1. Check A:VAL74, A:VAL53 and return the single one that is within 11 Å of chain B (Cβ to nearest Cβ) and either under 30 Å from A:ARG249 (Cα atoms) or outside any strand (DSSP E or B) (or both).
2. Quickly run through segment B:68-91 and pick out the residues that are surrounded by fewer than 16 Cβ atoms within 10 Å (Cβ to Cβ) and of a type in the set (Gly, Ala, Ser).
3. Mind listing whichever residues of segment A:106-132 are part of a loop (DSSP other than H, G, I, E, B) and at the interface with chain B (Cβ under 7 Å from one of its Cβ atoms)?
4. Taking segment A:87-105, which residues are at the interface with chain B (Cβ under 9 Å from one of its Cβ atoms) and within 13 Å of B:VAL187 (Cα to Cα)?
5. Just to verify a result, which residue in segment B:169-193, among those that are surrounded by fewer than 21 Cβ atoms within 10 Å (Cβ to Cβ) and among the β-branched types (Val, Ile, Thr), is modelled with the highest pLDDT?
6. Could you please give the count of residues in segment B:98-112 that are surrounded by fewer than 15 Cβ atoms within 10 Å (Cβ to Cβ) and within 11 Å of B:VAL42 (Cα to Cα)?
7. Consider segment B:67-104. How many of its residues are under 18 Å from B:PRO132 (Cα atoms) and in a helix (DSSP H, G or I)?
8. Of the conditions (1) within 23 Å of B:LYS93 (Cβ to Cβ); (2) assigned to a loop (DSSP other than H, G, I, E, B), B:ALA203 clears all except one; give me its number.
Amino acid sequence: MLKCPPTAKSEKHTWEGHMAEAALLNVNNLEAWYGESHVLHGVSFDVRKGEVVTLIGRNGAGKTTTLRSLIGVVGKRRGTSLFKGVDLLNVAPHKVARMGIGYVPEERGIFSTLSVIENLMFPPAWQAGGMEIDEIYGLFPNLKGRDHTPGTRLSGGEQQMLAIGRILRTGADFILLDEPTEGIAPVIIDEIGAALRILKARGMTIILVEQNLRFAASVADRHFVLDQGKVVDEISNNALDANMDRLNRYLGV
Amino acid sequence: MTEIFGVPVAVLLGQLLLGLINGSFYALLSLGLAIIFGMLNVINFAHGAFYMLGGFAAWFLLSRLGLGYWGTLLAAPIMVGALGVLVERLLLKRLYRMDHLYSLLLTFGIALMVEGLFRHIFGSAGMPYPVPPSLTGGINLGFIFLPLYRGWVIVISLVICILTWLAIERTKLGAYLRAATENPALVQAFGINVPLLLTLTYAFCVGLAGFAGALAAPLYQVSPGMGSSIIIVVFAVVVIGGMGSIGGAIVTALGLGIIEGLTKTFYPAASSIAVFVVMVLVILIRPSGLFNREA
């Protein structure tokens, strides 16, 4: 398979200088395809350790595909995404989780044939330092006492908590969260936001795909704007208010 | 002698026993078929061919290599399972993303080729296979004389079916398998090697078919056609039980074996179609099968 031309790679490194060093994940010129359709056209961004960054953009901009490309569930990929110095494009899909990357899909992916506790216990713990069940219940009290309820019997918000909770057990310290607030009651959104801030305080690194700007601003350090399969802008959370007009133009609000 | 509806009890029980034995083979085969369908989404038409290969492997190991019955019963399924690994890795794997029809045609083609090849080499007549000395004879249960080998077939089939069911419904590995049918990409994202899991599942299930073939060898003769004659009934069992329902396949298999036995007693002419009459009725009343969870 064709790799990114070396010149482009070295350019990026000098261009970024000190930032590349501190980055836990460095995505460079990532392209991805679903079958014949070319979805990502060169996504570049970086995530530093302990940071929460968001990918924002319109529907179809490539946010979800970017997450899916990192864990290898798209068709063809090109470019690089260096995680702790290893290019994820060369890692087999089932080995990505073993590097401490936890994925919470947009559709939540709660298994209907498994109960709440079985869903929680489902992903193998690949790294030390994962949360205990009690800690997870502390973070998401709604899940407590629901052990034997079938996972998909929970409300949408509770399923979202379950989807995040089960990743925390695995010892993952890098979490990919795809639209955790989509279609969820405001009260629960607040609880999820609070939980994310606790996780961040514990040193977790998070990539958050989000359409809900207010929620994104409440947890994130930086925002990357995607449009038509590319990162077109980067806005730090402090500068969000000042750049609202620019952002709304991107989002077409 | 007592009679029920004009049939001597001993005859009735004898037919019930035969039905139970047939049911045991249906169970071993339909179990694998249901798992393969449930987990891999493949309608494995080659299942009968693997059953036949199990019989031939046992025959070959016993008569040519002099391996004893117990050795062949262990080795034959392993050989068939290894062949299953090759079929899955080299051929079937490429078709998962496509319509059911492709894997159905592929496995059907494999079945025809294997059966044709064996017919060409061995002819249509069966190869004799002796009952192992340790299982000859029988015991008088008072109401019926039970040949030991037949009792053994029923017991070991039930034990294997129940163990397989437990492994899938009650173990962590089984949970991975069940979840992988629901959402393979996500299970993979949790760090589980799903392609390997699928290969092992296929190998295990066709290995079960091979085991059934080896187990059947002393009862029925080993012949190239033994697979195709049983597989149609086995497919009916899976359809009746509900495609992909594992417990359903086991219960249905035994039940249908017994229904067949009873039909043989009371109305022998209908015995070969009894299963299909049941299938038609079930499809009319409950199209997704008796035990299908989604029904």
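The values are calculated or read from the model by the stated rules, or taken from the named source; none is laboratory data. This is a predicted model, so every value here is computed, not measured. Counting neighbours? That spans all protein chains shown, and the Cβs are built from the backbone with ideal geometry, glycine included.
1. Working: A:VAL53 fails: within 11 Å of chain B (Cβ to nearest Cβ).
Unique residue meeting the criteria: A:VAL74.
2. Hits for segment B:68-91 are B:GLY68, B:GLY71, B:ALA82.
3. Looking only at segment A:106-132, we keep the residues that are part of a loop (DSSP other than H, G, I, E, B), and these are A:106-114, A:122-132.
Those that are part of a loop (DSSP other than H, G, I, E, B) and at the interface with chain B (Cβ under 7 Å from one of its Cβ atoms): A:GLY109, A:PHE111, A:SER112, A:THR113, A:LEU114, A:PHE122, A:PRO123, A:PRO124, A:TRP126.
4. A:PRO93, A:HIS94, A:LYS95, A:VAL96, A:ALA97, A:ARG98, A:GLY102, A:TYR103, A:PRO105
5. Of everything passing the filter in segment B:169-193, B:THR171 is modelled with the highest pLDDT.
6. At the first step, the residues of segment B:98-112 found to be surrounded by fewer than 15 Cβ atoms within 10 Å (Cβ to Cβ) are B:98-101, B:105, B:109, B:112.
When the remaining residues are screened for being within 11 Å of B:VAL42 (Cα to Cα), the result is B:98-101, B:105.
Here the count works out to 5.
7. 9
8. Of the numbered conditions (1) within 23 Å of B:LYS93 (Cβ to Cβ); (2) assigned to a loop (DSSP other than H, G, I, E, B), the odd one out for B:ALA203 is (2).
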